[in-house]
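Each remark here refers to the structure printed beneath this line.
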Amino acid sequence: MALDLVISGGTVVTAEKTFHADVGIRGEKIVELKAGLSGEKTIDAAGKLVLPGGVDSHCHIEQLSSMGVMTADDFYSATVSAAHGGTTTVIPFCAQHRGDVLAEVLADYHSRARAKAVIDYGFHLIIANPDERTLQRDLPAAIHSGVRSFKIFMTYERTRLTDEQILDVMAAARKNGALVMVHAENHGVISWLAGRMVNQGNTLPRYHAICHTRGAEAEAIERVVRFAELVDCPILIVHVSTPEGIEAIRQARARGLKVFGETCPQYLFLTAKDIDIGLQGALFCCSPPPRDEKAQEACWRGLKDGTLHVYSSDHAPYGMEGKLPKGEKTTFKEMANGVPGLELRLPLLFTYGKNRITLEEFVNLTSTRHAQTYGLYPRKGTIAVGSDADIAIWDPERKVTVETTHDRTGYTPYKGRVLTGWPITVLSRGEVIVADGKLAAERGRGQFLERAPSPALKPLGRDVPEIAQLKAWNTPLQL
Ligand code: URP
Ligand code: ZN
Ligand code: ZN
């Protein structure tokens with residue numbers, strides 16, 4: 001049968017290898033990978049890199065934040081922005097707030113995403129109301145409908161869980177085969193310092209970076225690792241920003257635990273100095289905050305040695321009204337937390353990673369590992385026969401001076417940077433959705449991705465001494 005489309009003459013890169021081949025596409029799938037293919041249509045990729053589309057497994061879209069602020073992006077603008085930066089799959093959050101019924105939250109996100117997304121998407125949940133119904137009914141149902149991961153917060157007044165609730169949620173994840181993603185910062189440290197700062201009249205955004213201490217991140221990671229060990233539940237610590245936090249994950253891994261880490265562009269390419277510019281520093285505030293050059297180096301090392309498993313955007317898009325709701329009277333406690341990053345996540349790593357990571361590592365960190373970790377592989381995250389034809393054709397020499405992006409925040413923290421390497425043509429399931437900077441995708445064409453259990457996330461089957469003792473007494477702990 002004839003091929004619909006051939007991407008010819010390019011250099012294909014996967015997480016394992018780089019090789020010359022044409023990519024033959026029929027319908028939505030890659031069906032052949034070899035030299036000399038011909039098809040009904042051809043895209044000439046000579047001199048270009050042919051990479052799997054990015055998979056961004058941490059982004060906030062059309063979501064009410066932990067502080068109760070709506071993101072500037074909806075499912076259309078966020079996915080359009082992602083596509084322009086070479087990302088073809090996103091996994092945003094369906095956020096439960098206190099009092100919300102989880103099944104209703106999930107249904108609501110499904111209906112909004114279905115109508116607007118231009119690329120494929122899965123969902124994680126945010127669990128902020130782990131009541132009986134959530135834990136016994138709605139969470140298991142969501143997991144079995146392909147929503148196999150959820151985030152919990154150790155800080156933020158409106159969404160944080162107590163230690164007992166964290167253990168409850170982990171037990172539900174263990175029972176039903178899901179991954180727990182953790183926002184790990186010590187709430188007491190942050191709120192105690194923030195109270196003192198505001199009382200002393202220190203209200204500028206730069207004090208946000210003071211209150212979210214390095215120790216607050218490290219303490220929370222160490223604590224939640226112990227909980228995960230007790231329940232024997234794999235966890236992934238999101239947006240890790242400090243050498244101390246990375247070290248805590250490294251040590252957990254050295255003890256054989258399934259503790260994974262994630263970092264984001266803001267921890268590689270921004271520092272606390274970006275926040276220290278008066279009130280406008282709000283635009284660079286996220287939690288945890290960007291740190292310093294030493295922390296950036298630690299993040300690069302963590303990515304290189306696998307302690308940090310994935311590189312995601314944590315796209316949390318807020319315009320000026322979210323960032324400075326009270327104008328000049330805004331203190332750092334009222335600013336929406338988060339920075340946009342969906343579009344520039346890949347071009348930033350491509351540019352600054354040149355002398356640090358290989359092309360295969362680039363693909364792994366931006367695409368393959370996300371698909372593997374979150375149960376989308378090999379449908380997504382690679383270029384292989386049988387995979388979806390989600391492909392970004394990169395011009396490795398293209399220089400782009402960052403001015404604006406396609407999201408709705410009205411700013412980018414990376415304005416003025418000169419990036420080298422850009423996705424010039426982007427395909428999703430065989431369809432060209434971006435061609436030379438122009439969108440060619442219809443609203444609502446994106447499909448929901450039901451995710452499979454990830455083999456990498458099977459529990460260890462290893463008990464802490466007290467759980468082993470219970471088993472020896474024939475009175476095992478009931479999860
Ligand atoms: O500041 C951030 N990261 N905002 C987004 C919400 C979260 O905590 O990931
Ligand atoms: Zn978070
Ligand atoms: Zn986030």
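The values are calculated or read from the model by the stated rules, or taken from the named source; none is laboratory data. Just so you know, these numbers come straight off a predicted model, no measurement behind them. Positions of Cβ are backbone-derived with ideal geometry, glycine not excepted, and every protein chain shown enters the neighbour counts. What goes into the accessible areas is simple: the full protein's heavy atoms, side chains included, and nothing from ligands, DNA or RNA. Shrake-Rupley method; radii C 1.70, N 1.55, O 1.52, S 1.80 Å.
Computed quantities for the displayed model
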| read-out | value |
| --- | --- |
| So GLY306, is it on the phi > 0 side of the Ramachandran plot and free of Cβ contacts under 8 Å to residues at least 40 places away in the same chain | yes |
| Residue in segment 46-62 that is within 16 Å of ligand 2 (Cβ to nearest atom), open to solvent by less than 30 Å² (accessible area, probe 1.4 Å) and charged (D, E, K, R) present | yes |
| Checklist (1) surrounded by 23 or more Cβ atoms within 10 Å (Cβ to Cβ); (2) away from ligand 3 (no atom under 16 Å from the Cβ); (3) in contact (Cβ under 8 Å) with a residue 60 or more places away in the chain applied to LEU230, failing item | (1) |
| Residues of segment 69-86 satisfying the condition of being in a helix (DSSP H, G or I) and buried (at least 24 other Cβ atoms within 10 Å of the Cβ) | PHE75, ALA78, THR79, VAL80, SER81, ALA82, ALA83 |
| Candidates ALA173, ALA128, filtered to the one that is away from ligand 1 (no atom under 16 Å from the Cβ), out of contact with any helix residue (DSSP H, G or I) (no Cβ under 6 Å at 6 or more places or on another chain) and farther than 30 Å from ARG443 by Cα | ALA173 |
| Condition met for TYR311 (within 16 Å of ligand 3 (Cβ to nearest atom), closer than 30 Å to THR358 by Cβ and modelled with pLDDT of 95 or more) | yes |
| Of all residues in segment 100-159 being more than 22 Å from the chain's Cα centre (by Cα) and of a type in the set (Asp, Glu), the one that is farthest from ligand 3 (Cβ to nearest atom) | GLU132 |
| GLN280 modelled with pLDDT of 95 or more, surrounded by fewer than 16 Cβ atoms within 10 Å (Cβ to Cβ) and under 30 Å from ASN199 (Cα atoms) | yes |
| Qualifying residue in segment 256-274 (condition: open to solvent by 10 Å² or more (accessible area, probe 1.4 Å), among the charged types (D, E, K, R) and either in a strand (DSSP E or B) or over 24 Å from ALA336 (Cβ atoms) (or both)) | yes |
| Qualifying positions in segment 146-162 - away from ligand 1 (no atom under 16 Å from the Cβ) and farther than 30 Å from ASN202 by Cβ | GLY146, VAL147, ARG148 |
| Residue in segment 323-343 that is within 22 Å of THR88 (Cβ to Cβ) and either modelled with pLDDT under 95 or away from ligand 2 (no atom under 16 Å from the Cβ) (or both) present | yes |
| Segment 42-68 - residue that is part of a loop (DSSP other than H, G, I, E, B) and away from ligand 3 (no atom under 16 Å from the Cβ) and, of those, nearest to ALA316 (Cα to Cα) | GLY53 |
| VAL224, sole failed condition from (1) away from ligand 1 (no atom under 16 Å from the Cβ); (2) more than 16 Å from the chain's Cα centre (by Cα); (3) modelled with pLDDT of 95 or more | (1) |
| Residues located in segment 160-197, provided they are over 19 Å from SER66 (Cβ atoms), in contact with a Ser or Thr (Cβ under 7 Å, 6 or more places away or on another chain) and away from ligand 3 (no atom under 16 Å from the Cβ) | ALA178 |
| Residues satisfying the stated conditions in segment 251-266, i.e. out of contact with any Cys (no Cβ under 9 Å at 6 or more places or on another chain) and either among the polar types (S, T, N, Q) or within 30 Å of TYR414 (Cα to Cα) (or both) | GLN251, PHE260, GLY261, GLU262, PRO265 |
| Matching residues, segment 18-45, being open to solvent by less than 50 Å² (accessible area, probe 1.4 Å), closer than 20 Å to VAL434 by Cβ and β-branched (Val, Ile, Thr) | VAL23, ILE25, ILE30, ILE43 |
| Residue within segment 192-209 that is basic (Lys, Arg) and within 23 Å of the chain's Cα centre (by Cα) present | no |
| Some residue of segment 398-405 being more than 30 Å from VAL225 (Cα to Cα), touching a residue at least 60 places away in the same chain (Cβ under 8 Å) and not charged (D, E, K, R) | yes |
| Failed condition for LYS380, given (1) surrounded by 24 or more Cβ atoms within 10 Å (Cβ to Cβ); (2) among the charged types (D, E, K, R); (3) part of a strand (DSSP E or B) | (3) |
| Options THR71, THR14, THR87: the member that is of a type outside the set (Phe, Trp, Tyr) and in contact with a strand residue (DSSP E or B) (Cβ under 6 Å, 6 or more places away or on another chain) | THR87 |
| Verdict on ALA15 being part of a loop (DSSP other than H, G, I, E, B) and surrounded by 17 or more Cβ atoms within 10 Å (Cβ to Cβ) | yes |
| Flag if ILE393 is open to solvent by less than 10 Å² (accessible area, probe 1.4 Å) and under 17 Å from THR420 (Cα atoms) | yes |
| Qualifying positions in segment 429-452 - open to solvent by 80 Å² or more (accessible area, probe 1.4 Å) and either assigned to a loop (DSSP other than H, G, I, E, B) or not basic (Lys, Arg) (or both) | ASP436, GLU442, ARG443, GLU450 |
